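*Asks:* First the structure, which I've put down as structure tokens, then a few questions once you've had a look.
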Amino acid sequence: MRRLIAISNRVQVDHEGETANRGGLAVALAVALRESNGIWFGWSGELTEEFTGQITFRRAEGVATATIDLEAQDIDEYYNGFANRTLWPLFHYRLDLTEIARDYAGGYARVNSRFADTVGPLIETDDLIWVHDYHLMPLGRLLRERGFDNRIGFFLHTPWPPPSLLVSLPDHRQLVESLLSYDVIGFHSYEWRQAFMDYVAAHLDARLEGDRVIFGARTSLLLICPIGLDTAEFCAAEGTPAAVEAETRLIDSAVGKDIIVGVDRLDYSKGLQERFSAYELLLTSRPDLCEKVFLLQIAPPSRGDVPSYQQIRADLNSLSGSINGEFAGIDWVPVRYVNKGYSRDQLFGIYRAARVGLITPLRDGMNLVAKEYVAAQDPADPGVLVLSCFAGAAAQLDSAVIVNPHSTEDMADGIARALAMPLSERRARHKAMLESVETQDVRWWSQRFMAALIAPDDAPEPGRVPADAAQK
Ligand code: ADQ
């Protein structure tokens, strides 16, 4: 088997040398890396006074990691700057929050070059290289310029924005052209891939042939490859003490009220303000539901160095306070708003206790929480997923109650419908979604991508991938 080198912005390794945060990319890549005796390369999360390119090698849970430290200026300009203040908002359709600065673009180019220079000596002739996410789009081109002719793939975890937004980025053409150095470019959904194709057709001197782009001497396959959960591992939480305790505590504290749960990183793309407003509208328009339900919103803070994230935190504090001030009674608090993280097992129990999973991002590449909610339900008496039509997950989980996250009325109706849904309908919807969550899991995802990287001509067009449903 050919060796895989996976490259991402962060390699999540904690101080004991174990891979941390097993819910994320770590899980997704661990199997492929272990099987191929591969290496996971990226930033350690640590700062250094002066960048030296020194690599720290470790082994964590059978996965070899190679990490570098970056300078404070790199983090300011590349990570907090171009990645989180320019690309993230732009790729989530938030031009109003997109900050354009030459320093950021310069830092992005510099750090990508540092990645290329440092990982280069680790690459052997037959290695497969898989680069992840918007932080590292130019890396493929930089490796080609350094003479690497390996098969190199790229996967985008976020949406791809429409061309009319992307052109706001100075050097947008150069950025997209650099992506065409990859042999395979993966997207979660038809919609994100179509937006990429629309840009290529309108702005590049390249040829589109079906799912390929031909640019100069190189052909890139544009692959729809929706990421999944490590479903078996996540479901193994069932019956664990932590899961049972979380579920029991939550149900006991609910004293017969229906629980609506949201779990999100505290991020403006997740539509939290709009969600709170929809819930407020529900309580206003359906007074019969007051004291019968509550919303548990779990949202651990992220990217606290970026001002727009400080703003959303302040907005949510104020919104939850005003809803509680307006509606709460002596023994009922309508919104429980919690700013901390929970273990995977606890999350399983929390999802299981909730009658409604309310996942309403304004834009989301995929959204794994929606899949976790489905996976955690009791098939005999499942809760209902209320899901934004603008999450990549909606293409696969089309048996959810699909809502428009920009319309508080539509969301409030969706929640009311979910709360009233009869058992037979809940079961039928859940069955369809669980099948997708079980069959198109994270192994399916990484195998699909790797197979396309090895032999693009054998990559099936996404007939079997319900992501195609997004065309509708
Ligand atoms: P994220 O934007 O981080 O990922 P998401 O897919 O929802 O979003 O994954 C979040 C993960 O964090 C989930 O596994 C969830 O359980 C966990 N999490 C959230 N809140 C938590 C809490 N309070 N405690 C513990 N864990 C918590 C990006 C893209 C997504 C895409 C993924 C994967 O933005 O669209 O689905 O990458 O490609």
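*Asks:* Condition first: surrounded by 13 or more Cβ atoms within 10 Å (Cβ to Cβ) and among the small types (G, A, S). Now tell me which residues in the range 303-319 satisfy that.
*Replies:* Residue satisfying the conditions is S308 alone.
*Asks:* Kindly indicate which of V261, V244 is open to solvent by 30 Å² or more (accessible area, probe 1.4 Å), of a type in the set (V, I, T) and either touching a helix residue (DSSP H, G or I) at 6+ places or on another chain (Cβ under 8 Å) or outside any strand (DSSP E or B) (or both).
*Replies:* Going through V261, V244 in turn, just one is open to solvent by 30 Å² or more (accessible area, probe 1.4 Å), of a type in the set (V, I, T) and either touching a helix residue (DSSP H, G or I) at 6+ places or on another chain (Cβ under 8 Å) or outside any strand (DSSP E or B) (or both): V244.
*Asks:* Residues in the range 408-427: is at least one under 19 Å from D267 (Cβ atoms), more than 16 Å from the ligand (Cβ to nearest atom) and out of contact with any Pro (no Cβ under 6 Å at 6 or more places or on another chain)?
*Replies:* Among the residues of the range 408-427, at least one is under 19 Å from D267 (Cβ atoms), more than 16 Å from the ligand (Cβ to nearest atom) and out of contact with any Pro (no Cβ under 6 Å at 6 or more places or on another chain), which makes the answer yes.
*Asks:* On to the next question. Pick from V200, V213: which is touching a strand residue (DSSP E or B) at 6+ places or on another chain (Cβ under 6 Å), in a strand (DSSP E or B) and outside the structural domain of S343 (by TED's automatic domain parsing)?
*Replies:* Going through V200, V213 in turn, just one is touching a strand residue (DSSP E or B) at 6+ places or on another chain (Cβ under 6 Å), in a strand (DSSP E or B) and outside the structural domain of S343 (by TED's automatic domain parsing): V213.
*Asks:* Of the conditions (1) on the phi > 0 side of the Ramachandran plot; (2) open to solvent by 10 Å² or more (accessible area, probe 1.4 Å), G271 fails just one. Which one is it?
*Replies:* Among (1) on the phi > 0 side of the Ramachandran plot; (2) open to solvent by 10 Å² or more (accessible area, probe 1.4 Å), the lone unmet condition for G271 is (2).
*Asks:* Moving on to the next point. Taking S220 as the residue in question, decide whether it is open to solvent by less than 60 Å² (accessible area, probe 1.4 Å) and touching a helix residue (DSSP H, G or I) at 6+ places or on another chain (Cβ under 7 Å).
*Replies:* Judged against the criteria, S220 is not a match.
*Asks:* Let me ask something else. From R207, R275, R212, R303, which residue is under 30 Å from S446 (Cβ atoms), within 16 Å of the ligand (Cβ to nearest atom) and charged (D, E, K, R)?
*Replies:* R303
*Asks:* Any residue in the range 408-430 that is polar (S, T, N, Q) and free of Cβ contacts under 8 Å to residues at least 24 places away in the same chain?
*Replies:* Yes, that holds for at least one residue.
*Asks:* Report every pair of residues separated by at least 6 positions or lying on different chains whose Cβ atoms are under 6 Å apart, first residue within the range 343-355 and under 17 Å from A254 (Cα atoms), second open to solvent by less than 20 Å² (accessible area, probe 1.4 Å) and near the ligand (Cβ under 10 Å from one of its atoms).
*Replies:* Cβ pairs passing all conditions: Y351/Y373.
To keep it simple, each residue is scored yes or no on (1) within 12 Å of the ligand (Cβ to nearest atom); (2) crowded, with 24+ Cβ neighbours inside 10 Å; (3) over 17 Å from the mean Cα position of the chain (by Cα); (4) of a type in the set (A, V, I, L, M, F, W, C).
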| site | (1), (2), (3), (4) |
| --- | --- |
| Y351 | yes, yes, yes, no |
| A354 | no, yes, yes, yes |
| P361 | yes, yes, no, no |
| D364 | yes, yes, no, no |
| A376 | yes, yes, yes, yes |
| V386 | no, yes, yes, yes |
| A400 | no, yes, yes, yes |
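Conditions (1) within 30 Å of V27 (Cα to Cα); (2) open to solvent by 20 Å² or more (accessible area, probe 1.4 Å); (3) acidic (D, E); (4) away from the ligand (no atom under 16 Å from the Cβ), marked per residue:
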site: E280; (1), (2), (3), (4): no, yes, yes, yes
site: S285; (1), (2), (3), (4): no, yes, no, yes
site: V293; (1), (2), (3), (4): no, no, no, yes
site: V333; (1), (2), (3), (4): no, yes, no, yes
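*Asks:* Moving to a separate point now. Cβ-Cβ distance below 7 Å, separation of 6 or more or different chains: which pairs start in the range 263-280 with a residue that is over 18 Å from A354 (Cβ atoms) and end on one that is part of a loop (DSSP other than H, G, I, E, B) and more than 16 Å from the ligand (Cβ to nearest atom)?
*Replies:* That search, which allows pairs on different chains as well, returns E274/H406.
*Asks:* Kindly indicate whether F234 is in contact with a Lys or Arg (Cβ under 8 Å, 6 or more places away or on another chain) and assigned to a helix (DSSP H, G or I).
*Replies:* Yes, satisfied.
*Asks:* Quick check on the range 62-80: of everything there that is of a type in the set (D, E, K, R) and open to solvent by 10 Å² or more (accessible area, probe 1.4 Å), which residue is nearest to G38 (Cα to Cα)?
*Replies:* Filtering first and then ranking leaves D69.
*Asks:* When the range 404-418 is examined, which residues are found to be farther than 22 Å from E435 by Cβ and in contact with a strand residue (DSSP E or B) (Cβ under 8 Å, 6 or more places away or on another chain)?
*Replies:* Result: N404, P405, D410, M411, D413, G414, I415, R417.
*Asks:* If a residue has to be under 17 Å from V335 (Cα atoms), modelled with pLDDT under 95 and of a type in the set (A, V, I, L, M) to count, how many in the range 266-311 make the cut?
*Replies:* Residues meeting the conditions: 2.
*Asks:* Of the residues in the range 408-420, how many are under 18 Å from L272 (Cβ atoms) and open to solvent by 30 Å² or more (accessible area, probe 1.4 Å)?
*Replies:* 3
*Asks:* Going through K340, K371 one at a time, which residue ends up being within 16 Å of the ligand (Cβ to nearest atom), surrounded by fewer than 24 Cβ atoms within 10 Å (Cβ to Cβ) and farther than 21 Å from A278 by Cβ?
*Replies:* K340
*Asks:* Still on this structure: Are any residues in the range 31-53 among the aliphatic types (A, V, I, L, M) and more than 23 Å from the chain's Cα centre (by Cα), and if so, which ones?
*Replies:* L47
*Asks:* Can you tell me which residue among L33, L29 is outside any strand (DSSP E or B), more than 16 Å from the ligand (Cβ to nearest atom) and modelled with pLDDT under 95?
*Replies:* Criteria check complete, one pass: L33.
The values are calculated or read from the model by the stated rules, or taken from the named source; none is laboratory data. Everything quoted here is computed from the prediction, not taken from an experiment. Note: ideal-geometry Cβ built from the backbone for every residue, glycine included; neighbour counts use all protein chains shown. Keep in mind that these areas ignore ligands, DNA and RNA; they rest on the heavy atoms of the full protein, side chains included. Shrake-Rupley method; radii C 1.70, N 1.55, O 1.52, S 1.80 Å.
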